[in-house]
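The next block holds one structure in the form of structure tokens; read it before the comments.
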Protein chains: 2
Amino acid sequence: MKTLLQGRSEQMLIEDGGPFVVIGERINPSGRQGLAASLAEGDMSLVRRDAVAQLEAGAQVIDVNVSAAGVDEARVLPLAVEAVAEVVDVPICIDSTDLKGLAEALDRCPGRPLVNSVTGERASMDSVLPLVRGRQCAVIGLCMDERGIPKDASRRLEVAKRILEAVERFGIAPEDLIIDPLAMAVGADQEAAVATLEAVALIRSTLGVNTTLGGSNVSFGLPDRGLINRTFLAMAIATGLTSALLDPLDVEIQKTVTACELLMGRDEFAMEFLRRSRAGW
Amino acid sequence: MKTLLQGRSEQMLIEDGGPFVVIGERINPSGRQGLAASLAEGDMSLVRRDAVAQLEAGAQVIDVNVSAAGVDEARVLPLAVEAVAEVVDVPICIDSTDLKGLAEALDRCPGRPLVNSVTGERASMDSVLPLVRGRQCAVIGLCMDERGIPKDASRRLEVAKRILEAVERFGIAPEDLIIDPLAMAVGADQEAAVATLEAVALIRSTLGVNTTLGGSNVSFGLPDRGLINRTFLAMAIATGLTSALLDPLDVEIQKTVTACELLMGRDEFAMEFLRRSRAGW
């Protein structure tokens, strides 16, 4: 299936076999006190700078998350989305659990954004999906419900199916749903990464919808997190993952994505790989 | 299926879902003039040193290849195999196209070695398989025949099937065949890596035999070969590859294999990952 996203002037197609789509994750105050403080003051200069830097580093979609103590999301999220839309042409991923902020940000966002996210919980689906339908945009569905995140792949597929059914019931096209099977910490559960890889493969072969993953949960609590994250990313791309939330300013992640695109047969004459390699990454 | 290899005192089981097996590839004079020169003189000191160094770096099997201009394989290969068997307890992979050298090396090799390799060519199967049967050992089958290396995965599967049929006809157990679907240069053919990954998946699901790959062909002719090789390795392990010929002294390769084992759920409590990480790799 093809998920069409649109920014102020550029569009982006996410599809199986198509170029892997990097959703830049840096505009997120979690663990970034400077960003949290400037957001609390309504100062959007850092947000703009981060958006441009990620675009230049190769992000094809920019995630905007302003959730932090002291930040009024209902007021700040729309401002941040507008600020990003002013400086980049690519699609925006609006990342919030604040319904008021989300609704207002969707109203002010140009193009066809991606909503991050809905879960398999009844309350989440009933509140988020009407906004997605009203705006005719796309949405990320997380494989979790009232009982939490299922441990095994087949039960994550079940949650994905329920979200897909709800999406269609709300009059949203199935191709506008991107499933995040969720990656848990492999340091806490030995089977965590395998379960996620199996879920990516199952969701792809059974439902045919696009998939995405957050890029760093899997390494939580362990040393050498970058090594674990980029190795997991290569494994997930080989398994059919079509997009991920990543930090495009992380050079090693950039190198891994570029090598994966080459190896997946999506870099004609290795042109992009050679260009980036010659530029010293 | 389970491929049992045995060294002087240690045995190694290669199996789907089991630990990924690193076959140390360094004892190979191609591109190593010093090693070529010492082999030509019948000096086995470098061979011994390489064997020990690879074992210490984590190789579970040691490949022995002495093919170089000026080296009489029929005489030197058995000496090199004996030299390796003197210093390491793990299984040996005897890597030669010289039938006389191979037969003699097999006679002098302790345990249950791996022969590298037979192809799908009639002449190769008719000459190599009787040696494998006589020695009751295991063999690597390369997916190529009289017409060369098939471009697509399904035709590589056909070659693998023909080798498997011949193996059984010669009275060798199917689990003693490890298929190398072969990785070609992605810089020369955009679809090369994908074809290999698809072949790994097909051979695994259709024939159920173990698989192996040379670790570096895929990056031939491109810059940043290490990056391409280790990314490809992670993708291949995710696809079900059970072993590979690699340079275990390459720290980045070690890190990738250790991260893959962690992510594939084969490193209980992340103990091996933590041990290596804490030791600074």
Using θ = phi - 60° and Karplus 6.51 cos²θ - 1.76 cosθ + 1.60, couplings along the stretch B:63-76 (whole Hz; Gly, Pro as x): 7, 10, 10, 10, 6, 7, 4, x, 9, 7, 4, 4, 8, 7
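Antiparallel DSSP bridges in the protein assembly as shown: what percent, to the nearest 5? Display every interim value, and only then the final one.
Values: 14 of 62 bridges.
Around 25 percent of the beta bridges assigned by DSSP in the protein assembly as shown are antiparallel ones.
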Cα-centred dipole magnitude for the stretch B:24-176, charges only on beta-carbon of K, R (+1) and D, E (-1), debye, nearest 20: 340
Amide hydrogen neighbours beyond the local backbone of B:C93, cut-off 5 Å, H modeled: B:I62, B:D63, B:V64, B:L114
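So for chain B, considering every pair of alpha-carbon atoms, how many percent are separated by more than 31 Å? Write down the numbers at each step before the final one.
Values: 8709 of 39340 pairs.
Above the 31 Å cut-off, chain B has 22 percent of its Cα pairs.
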Backbone N within the stretch B:193-207 under 19 Å of label point (7 Å from B:R155 Cα along the Cβ vector): B:193-203
Computed [θ] at 222 nm, deg cm²/dmol, chain B (DSSP H ≥ 4; -39,500 (n - 2.57); rounded to nearest 500): -14000 deg cm²/dmol
For B:S216, distant residues with modelled amide H under 5 Å away: none
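With a 1.4 Å probe on protein heavy atoms only, work out how much accessible surface A and B bury together, total over both chains, in Å² to the nearest 100.
Buried surface at the A/B interface: approximately 2800 Å².
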Reduction of at least 50 Å² in accessible surface, 1.4 Å probe, comparing all protein chains with the chain by itself, residues of the stretch B:265-281: B:G265, B:F273
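Which percent of the Cα-Cα distances in the stretch A:51-114 go past 14 Å? Before the final figure, lay out each step's value.
Details: 1007 of 2016 pairs.
Tail of P(r) above 14 Å: 50 percent of Cα pairs.
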Apportionment of accessible area to carbon and sulfur, the stretch B:119-271, percent (1.4 Å): 52
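Just to confirm, what accessible area per residue do you get for the protein assembly as shown at 1.4 Å probe, in whole Å²?
39
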Reachable lysines, given that their alpha-carbon falls under 20 Å from the alpha-carbon of A:K151 and they are not under 8 places away in the same chain: A:K161
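Report, to the nearest whole %, how much of the accessible area of the stretch A:23-75 belongs to carbon and sulfur atoms, 1.4 Å probe, protein only.
Details: 1010 of 2260 Å².
Looking at the stretch A:23-75 in its full context, I get 45 percent from C and S.
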Cβ-vector label at 7 Å, A:A37, separations to other copies in nm: 6.2
Other copies of B:R266: label-to-label distances in nm, shortest first, labels 7 Å along the beta-carbon direction: 2.7
Rounded to whole Å, sorted largest first: equivalent-ellipsoid semi-axes of the stretch B:1-105, Cα gyration tensor: 24, 14, 12
1.4 Å probe, heavy atoms, protein only - residues of the stretch A:226-243 losing at least 20 Å² accessible area vs chain alone: A:L227, A:I228, A:R230, A:T231, A:A234, A:M235, A:A238
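Place a +1 charge on the Cβ of each Lys and Arg in the stretch B:175-281 and a -1 charge on the Cβ of each Asp and Glu, then give the dipole magnitude about the Cα centre in debye, rounded to the nearest 20. Please list the in-between numbers first.
Details: 8 positive and 14 negative charges, 75 e Å.
Computed about the Cα centre, the dipole is about 360 debye.
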Where B:S117, A:S9, A:S219 fall by accessible area, highest first, once all protein chains stay in place (1.4 Å): A:S9, B:S117, A:S219
Long-range amide H partners of B:V118 with built H, under 5 Å: B:I140, B:G141, B:L142
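Report the Rg/Rh value for the stretch A:172-281, based on alpha-carbon coordinates and the Kirkwood definition of Rh.
Details: Rg = 14.7 Å, Rh = 14.8 Å.
Using Cα coordinates only, the ratio equals 1.00.
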HN-Hα J in Hz across the stretch B:250-259 - Karplus 6.51, -1.76, 1.60, θ = phi - 60°, x for Gly and Pro: 6, 4, 5, 5, 4, 4, 5, 5, 5, 5
Most mobile of B:T256, B:T242, B:T119 in a GNM of chain B (Cα contacts under 10 Å): B:T256
Karplus 3J(HN,Hα) series, Hz, for the stretch A:13-18 with 6.51 cos²θ - 1.76 cosθ + 1.60 (x for Gly, Pro): 10, 9, 7, 4, x, x
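The values are calculated or read from the model by the stated rules, or taken from the named source; none is laboratory data. Small disclaimer: the values here were computed from a predicted structure and weren't measured. All Cβ positions, even for glycine, are placed from backbone atoms using ideal geometry, and neighbour counts span all protein chains on display. Heavy atoms of the whole protein, side chains included, go into the accessibility calculation; ligands, DNA and RNA do not. Shrake-Rupley method; radii C 1.70, N 1.55, O 1.52, S 1.80 Å.
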